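The values are calculated or read from the model by the stated rules, or taken from the named source; none is laboratory data. Just so you know, these numbers come straight off a predicted model, no measurement behind them. Note that each Cβ is placed from the backbone with ideal geometry, even for glycine, and that neighbours are counted across all protein chains shown. SASA here: full protein model, heavy atoms, side chains in, ligands and nucleic acids out. Shrake-Rupley method; radii C 1.70, N 1.55, O 1.52, S 1.80 Å.
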Amino acid sequence: MKGSILGAQVRRAEDPRFITGSATYLDDTTIDGALWAVMVRSSVPHGTITAIDSTEAKNMPGVVGVFTAADLDLGPMPIEATGATDETRRPLIASDRVRFVGDVVAVVVAETPAQAVDAAEAVWPDYDLLEAVATPSAALAKGAPLLFPELGTNVVLAGGLDTEGDVMVDAEVVVTVRLENQRLAAVPLETNNALAIPRADGGVDVSLGSQGVHGARRTIAAVLDLDRGSVHVKVPDMGGGFGAKINAYPEQVLVVALALRLGRPIRWQESRVENMVSMSQGRAQHQTVEMGARRDGTITALRWRVVQEAGAYPLYGSYLPAFTQRMAAGPYRIPVVDFRWQSVATNTTPIDAYRGAGRPEAAMTIERLVDLLAAELEMDPAEVRRVNFVSPDEFPLVTATGERYDSGNYAAALDLALARAGYADLRAEQQRRLAQDDRWLLGIGLSSYVEVTAPGGRKDWGKVEVTAEEVVVYSGASSHGHGHETTFTHIVSGYLGVPAERIRFVQGNTDDVPRGGGTMGSRSMQMAGSAVFRSSEAVLDKARRLVALLTEAAPDDIVQFDDGKIGVVGVPDSGKTLFEIAALANDPAHLPPGEAPGLWAEDNWTQDEATVPFGSHVSVVEVDRETGDVKVLRHVACDDCGTIFSRMIVDGQVHGGVAQGIGQALWEGVRYDADANPITTNLTTYLIPNARVMPSFEVDHTQTPTDLNPLGAKGIGESGTIGSTPAVVNAVHDALRPLGVRHLDMPLTPSRIWDALQQ
């Protein structure tokens, strides 16, 4: 690999159009004659549908139609959770029963969005109300109402590790925590949407916000019984996903179905209030975990008991505990882990992936336990971590949970984070404030984490094609804020010696990209990036073979000069640019026997194992002992994602992740009342962080390459979220510990802290 590829600071290719407002989001697209769809949603959490009166709505101005399940006769969504059953599949549109506030019961199609909204408000569903369950404890109670009576239980999935005997037998001390990773809303800048345009040949062009166009196409084709080749899906510029846009939504499939039925383009754009109740949510994991240790701080065992909220329908989120289980040992040498979990249906918005998807839940709990253990043993939290870290010479390592850790140097990341933070000075300042009985308590929180990236579906596609004018890079990944255009262009530019301005990047379009795994699970660089890199290698090899034929030289004597030209070693004048070679490559007379015309290559990259990035974060907070207010003064993140190709892109991912992690720690949380009615349905009741309350993040990295892919890359997209939340939570508890507060659940709001201080 060329050294020029690595670690350079490059301008983000995407930024000019985003900064100048020339980016094209789906809502910016103008389609003449397009109709608008608006969903009629259930206003009750649980009930049977007795009637839907749409007479008034159908007669309103501009209304083309009002459609219910009886009108459309469409099958359910595919099973999206490993182990889910036919009984729990989500209907495309509710026909007999609604299971959460937000379930779609009808669709209004009109000439304008305003007309569609007005008509939707005139559709009157009638329900026989059923008792609802808002929490797992309510759903698990004896005699609880069942969301799926035919299933006979509200437990939709369960699993764990087969661990025999008392795992705590060697423990000299045991610490326990009951911890709630609260339910979170994804809150992307751009809400869900879709645009479907029927084609004369019976196919359909679909534009939507999606983290994987090929997955969306599979779902649409499967539900509507269409030939997959007749469904063209593309993603324009897209404002965020965070895991909530991995899977296609019933509303998106409905838009396609109605466009084909009516023979006209139909578009749909979710409102923010709709988004807060209908877009899948994350976390919602409840844990009771014990950590056994010896008096010297050595951890001997973990015992996990996990209850996962599935929401009204078991999506991928109901399988999240399996990913928590994979990371249940953290970065520590823990000989035995006892892990049991179950996922429970409730009358709430379905749970799906959200940035980190099961791994933040593991790190949050382990890191709280390590701090509680340190307090119990009166040891420094950093020292407890060092005592238990897996050492660099133990890799590759298979943990007690069966997860393979490929490479790491966990102590180096912690040492760098502590040095950047000035840890000793912070502890001295903390003691000074305590001695002076300062109103503002200082807290220093640590977290050391591992995560699994590219946890599944470890294959992807890439293609590099050189023409006489440009290089075109095709990728199976799809950016929604990640900077793929910058990063992948940088890889190809550095390897082929071609200026970045002569490279065009193509993504998120099933017509141009025949297959791909999409963007999720921090997989893009190691999977799609490796496919693009290997395609670049193959292009350069073919170019060398062509030049060898043209110059009648041996292939081994053909080299790439510093100016990017390819020619005979020691004869610079023999060099030709890749664009000149591409022009010749279309003439069979210039091709070696058996070579296909053109200068291009594609690669289907498959990675045998997941990679395991890691890092340590240090958060410094102040807590007002009189009001419970928390100020984040500093946050130091030291993350290791293997080989870094663009420091700007990597740091940007960490910045975004840290902001979301701090949001979970201090402010965010979806709430329902006891009857399962949502009470955080807008951004005045669901609080997200803003620039005013965020410090300037201090970001650094160690680099421990993996040998699992040619780039040495691991994932970075979720690291900031995983490392930051426990660091902030530990920092707040570190400040409160002298006042007798042992543990509080997130979010650590002023009122929650104040109540604890009063008690």
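For this structure, a couple of remarks:
- If R0 is taken as 51 Å, the Cβ-Cβ distance between D53 and L161 corresponds to a FRET efficiency of 0.45.
- Residues whose placed amide H lies under 5 Å from that of V450, excluding near-sequence neighbours: none
- Percent carbon-and-sulfur accessible area, the chain, ignoring ligands, DNA and RNA, probe 1.4 Å: 49
- Taking all protein chains together and a 1.4 Å probe, the residues L262, L744, L189, L666 rank L189, L262, L744, L666 from largest to smallest accessible area.
- Distant-in-sequence amide contacts of A301, defined by a placed amide H-H separation under 5 Å and a gap of 5 or more residues or a different chain, comprise G292.
- In the calculated pair-distance distribution of the stretch 161-301, the portion above 25 angstrom amounts to 48 percent of the Cα-Cα pairs.
- Using alpha carbons only, the radius of gyration of the chain set against its Kirkwood radius gives Rg/Rh = 1.00.
- Listed residues T401, T30 arranged by accessible area, highest first, probe 1.4 Å: T30, T401
- For the stretch 36-168, Kirkwood radius (reciprocal of mean inverse C-alpha pair distance, Å): 17.0
- Taking other residues whose beta carbon is less than 13 angstrom from the beta carbon of A122, and scoring Lys, Arg as +1 and Asp, Glu as -1, yields -3.
- Cα-centre dipole for the chain with unit charges at Cβ (Lys and Arg positive, Asp and Glu negative), debye to 20: 460
- Given charges at Cβ of Lys, Arg, Asp, Glu: the chain dipole, positive-most of P572, I19, Q252: I19
- Translational diffusion coefficient (Stokes-Einstein; Kirkwood radius from C-alpha pairs) of the stretch 354-509 at 10 °C, 1.306 mPa s, in µm²/s: 79
- Beta bridges per DSSP with both ends in the stretch 179-242, % antiparallel, nearest 5: 55
- Cleavage-rule hits, trypsin sites (Lys or Arg not before Pro), the stretch 438-486, DSSP coil, Cβ neighbours within 10 Å at most 13: R439
- Karplus 3J(HN,Hα) series, Hz, for the stretch 670-683 with 6.51 cos²θ - 1.76 cosθ + 1.60 (x for Gly, Pro): 7, 10, 10, 7, 5, 9, 6, 8, x, 10, 10, 9, 7, 8
- For the stretch 657-715, a crude dipole built from +1 on the beta carbon of Lys and Arg and -1 on the beta carbon of Asp and Glu, taken about the Cα centre, is about 120 debye to the nearest 20.
- Dipole magnitude of the stretch 209-258 about its Cα centre (Cβ charges: Lys, Arg +1; Asp, Glu -1), debye to nearest 20: 140
- Cα lying deepest toward the dipole's positive end in the stretch 155-303, options G229, H286, I266, charges on Cβ: I266
- Cα centroid of the stretch 164-236 to Cα centroid of the stretch 141-157, whole Å: 25
- Pairs of Cα atoms nearer than 8 Å and 6+ residues apart set the relative contact order; for the chain it is 15 percent.
- Legend: P(r) of the stretch 282-322 from all alpha carbon pair distances, 5 Å bins from 0, whole percents, reading 6, 21, 21, 15, 12, 10, 9, 5, 2, 0.
- From the alpha carbon centroid of the stretch 66-140 to that of the stretch 578-616 is 47 Å.
- Of all DSSP beta bridges in the stretch 270-364, antiparallel share, percent nearest 5: 45
- Rg/Rh for the stretch 650-759 stands at 1.07; both radii use Cα atoms, and Rh follows the Kirkwood definition.
- Gap separating the Cα centres of the stretch 502-527 and the stretch 344-392, nearest whole Å: 32
- Distant alpha-carbon pairs in the stretch 701-759 (separation over 12 angstrom), percent: 74
- 20 °C / 1.002 mPa s Stokes-Einstein diffusion coefficient of the stretch 575-641, Kirkwood radius on C-alpha pairs, µm²/s: 116
- Our coupling estimate for the stretch 599-615, obtained by passing each phi through the Karplus curve with A = 6.51, B = -1.76, C = 1.60 and θ = phi - 60°, is 10, 8, 7, 10, 9, 9, 7, 10, 10, 5, 10, 6, 9, 10, x, 7, x Hz, Gly and Pro reported as x.
- Near A548, once Lys and Arg are set to +1 and Asp and Glu to -1 for all other residues with Cβ below 13 Å from its Cβ, the sum equals -1.
- Within-10-Å neighbourhood charge of H733 [Cβ basis; K, R +1; D, E -1]: +1
- Sequence of D406, D563 from largest to smallest accessible area, 1.4 Å probe: D563, D406
- Couplings for the stretch 105-115, taken from phi via the Karplus curve 6.51 cos²θ - 1.76 cosθ + 1.60 with θ = phi - 60°, read 10, 6, 10, 9, 10, 9, 6, 10, x, 5, 5 Hz in order; Gly and Pro are left as x.
- Sorted largest first, extent of the stretch 242-364 alpha carbons per principal axis (Å): 72, 25, 22
- DSSP bridge pairs, the stretch 437-509: antiparallel proportion in percent, nearest 5: 55
- With R₀ set to 25 Å, the beta-carbon distance separating A141 from E87 gives a calculated FRET efficiency near 0.75.
- Cross-link reach list, lysines versus K576, counting only Cα pairs under 24 Å and skipping chain neighbours closer than eight places: K2, K463, K542, K565
- Heavy-atom surface of the chain, accessible at 1.4 Å and reported per residue (Å²): 37
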